[in-house]
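Right, one structure below, let's go through it.
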Amino acid sequence: MTTNPAPLIVSFGEMLIDFVPDVAGVSLAESAGFIKAPGGAPANVACAITKLGGKSAFIGKVGDDEFGHMLVDILKKNGVNSEGVCYDPHARTALAFVTLKKNGEREFMFYRNPSADMLLQESELNMGLLKQAKVFHYGSISLISEPCKSAHLTAMKAAREAGILLSYDPNVRLPLWPSSDAARDGIKSIWNEADFIKVSDDEVSFLTQGDPQKEDVVLSLWHDRLKLLVVTDGEKGCRYFTKSFKGRVPGFSVKVVDTTGAGDAFVGSLLLSVAKDTSIFDNEEKLREALSFANACGAICTTQKGAIPALPSGSDALALMKSKAN
């Protein structure tokens with residue numbers, strides 16, 4: 001009997017280095033030291049998937065510099081296929097300085113002018129790798145500037161034509177956009193293409209300029225091609241909307257150190273469940289189970305500094321679920 005090979009999830013976009021203060025609750029200016037942490041939401045998602053035993057690949061561009069090579073090594077160490085990564089001989093790998101406030105929330109200061117990830121060209125896309133995917137996942141940072149924007153749109157079109165599921169987590173990072181309106185327009189420009197969208201409650205409020213707790217406000221983001229819309233509500237858990245059902249799945253309360261990567265751990269976990277069994281969109285019980293597991297993954301990720309180092313294994317997530325079930 002042949003077993004089906006594990007479904008591949010391809011993640012597209014930016015990978016960069018986050019510099020996180022070694023002490024929480026101080027400003028960038030006050031911080032005496034920084035911990036170097038690999039980051040970039042699409043790359044975090046790719047690593048979250050392999051950490052849970054899935055199969056993922058990352059497509060993007062880094063600088064041909066020490067940081068760029070370090071990031072590709074981290075992908076490889078985490079078992080992520082890096083055949084889709086290019087090196088730019090002239091531009092640097094992007095950096096972000098992240099301030100951790102007392103409650104574990106963050107502020108960002110980016111160094112990208114222009115960074116290598118923004119310079120990925122259509123001709124550099126590894127289409128062979130992309131077309132092996134069951135799910136193609138992306139954010140919105142890759143839409144901010146050319147040539148990366150055109151590469152992103154080309155990759156999405158190729159994935160759509162190959163019958164691959166499109167997954168979108170906009171990951172709003174306002175400082176990177178020319179203005180709030182540009183961010184809103186850019187993020188919404190590809191909204192109606194996705195099969196699955198995950199947004200945080202804060203992002204719902206930014207995109208709709210309404211109250212994210214109101215269902216009609218959330219549903220203004222629904223479109224007919226969507227199979228699933230998920231709104232994450234931090235430690236409260238998440239809400240889900242499909243064509244035929246909707247509901248809320250409670251989260252897990254843990255001691256929060258750093259929320260970086262929590263949404264990516266959640267998305268990676270959920271995409272792995274979807275890739276293994278797409279009937280999840282039509283089966284509420286299966287979906288709720290997958291969302292509870294994803295909530296546990298997100299929660300565990302907040303208990304440690306940095307994104308990739310804090311990503312949980314499946315047994316970590318199950319242990320948390322079990323401990324809270326009693």
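The values are calculated or read from the model by the stated rules, or taken from the named source; none is laboratory data. As the structure is a prediction and not an experimental result, all values here were calculated from the model. Every residue, glycine as well, gets a Cβ built from its backbone with ideal geometry; the counts of neighbours run over all protein chains shown. Side chains included, ligands, DNA and RNA excluded: accessible areas come from the protein's heavy atoms. Shrake-Rupley method; radii C 1.70, N 1.55, O 1.52, S 1.80 Å.
From the cross-link list Lys76/Lys324; Lys236/Lys305; Lys188/Lys276, which pairs have alpha carbons spaced over 26 Å apart?
On the way: Lys76/Lys324 34 Å; Lys236/Lys305 21 Å; Lys188/Lys276 28 Å.
Pairs exceeding the cut-off: Lys76/Lys324; Lys188/Lys276.
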For region 108-117, in residue order, the Karplus 3J(HN,Hα) values (coefficients 6.51, -1.76, 1.60; θ = phi - 60°; whole Hz; Gly and Pro = x) are 10, 10, 9, 10, 8, 9, x, 8, 4, 4
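May I ask you to give the solvent-accessible area per residue for region 247-287, in square angstrom, as obtained with a 1.4 angstrom probe? Could you put the intermediate results ahead of the total?
On the way: 1600 Å² over 41 residues.
Per-residue value: 39 Å².
Restricting the count to DSSP beta bridges whose residues both fall in region 196-326, what percent are antiparallel, rounded to a multiple of 5? Walk me through the numbers on the way to the answer.
On the way: 9 of 14 bridges.
Close to 65 percent.
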Mind giving me the FRET efficiency for Ser123 and Ser27? R0 is 30 Å, r the Cβ-Cβ distance, nearest 0.05 is fine.
0.10
Where the centre of each part is set by its Cα atoms, how far does region 286-303 sit from region 195-217, in angstrom?
20
Estimated inter-spin distance, Ser244 and Glu284, nm [label 7 Å along Cα→Cβ]
1.1
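What does the net charge come to around Trp177 if you take all other residues with beta carbon closer than 10 Å to its beta carbon, with K and R at +1 and D and E at -1? Let's see the in-between values first.
Numbers: positive: Arg173, Arg184; negative: Asp181, Asp185.
Local net charge: 0.
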Multiply the residue gap between His69 and Lys188 by 0.36 nm, knock off their C-alpha separation, and tell me the result in nm, one decimal place.
39.5 nm
Only helical DSSP H runs with n ≥ 4 go in: add -39500 (n - 2.57) per run for the chain, normalise by residue count and round the 222 nm mean residue ellipticity to 500 deg cm²/dmol.
-10000 deg cm²/dmol
Which one, Gly263, Val249, Val231, projects farthest toward the positive side of the charge dipole computed for the chain from Cβ point charges (K/R +1, D/E -1)?
Val249
With springs only between Cα atoms under 10 Å, which of Lys246, Lys149, Lys214 fluctuates most in a Gaussian network model of the chain?
Lys214
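Could you sort the peptides 302-308, 282-288, 18-24 by per-residue average Cβ neighbour count (10 Å cutoff), highest mean leading? The partial results should precede the final answer.
Numbers: 302-308: 21.9, 282-288: 14.7, 18-24: 18.7.
Ranked by mean Cβ neighbours within 10 Å, highest first: 302-308, 18-24, 282-288.
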Taking only C-alpha pairs under 8 Å that are 6+ residues apart, what is the relative contact order of region 1-151 in percent?
29
In whole Hz, with x marking every Gly and Pro, tabulate ³J(HN,Hα) for region 48-63 from phi via Karplus 6.51 cos²θ - 1.76 cosθ + 1.60, θ = phi - 60°.
4, 5, 5, 4, 8, x, x, 10, 9, 9, 10, 10, x, 9, 10, x
Have a look at the DSSP beta bridges in the chain and tell me what percent are antiparallel, nearest 5.
40
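Heavy atoms only, 1.4 Å probe, whole protein assembly: order Met156, Met109 by accessible area, highest first.
Numbers: Met156 10, Met109 85 Å².
If we order Met156, Met109 from most to least accessible, we get Met109, Met156.
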For Gly237, enumerate residues with amide H under 5 Å from its amide H, sequence gap 5+ or separate chain, H modeled in the peptide plane.
Gly251
With every protein chain left in place, what is the accessible area of Arg184 in Å² (1.4 Å probe, nearest 10)?
30
Expressed as a percent, the accessible surface of the chain that is carbon or sulfur, using a 1.4 Å probe and the full set of protein chains, is 51
Using a probe radius of 1.4 Å on heavy atoms only, what accessible surface per residue do you get for region 1-148? Whole Å² is fine.
44
Place a point 7 Å from the Cα of Ile35 along the Cα-to-Cβ direction; which residues of region 289-326 have their backbone N under 11 Å from it?
303-310
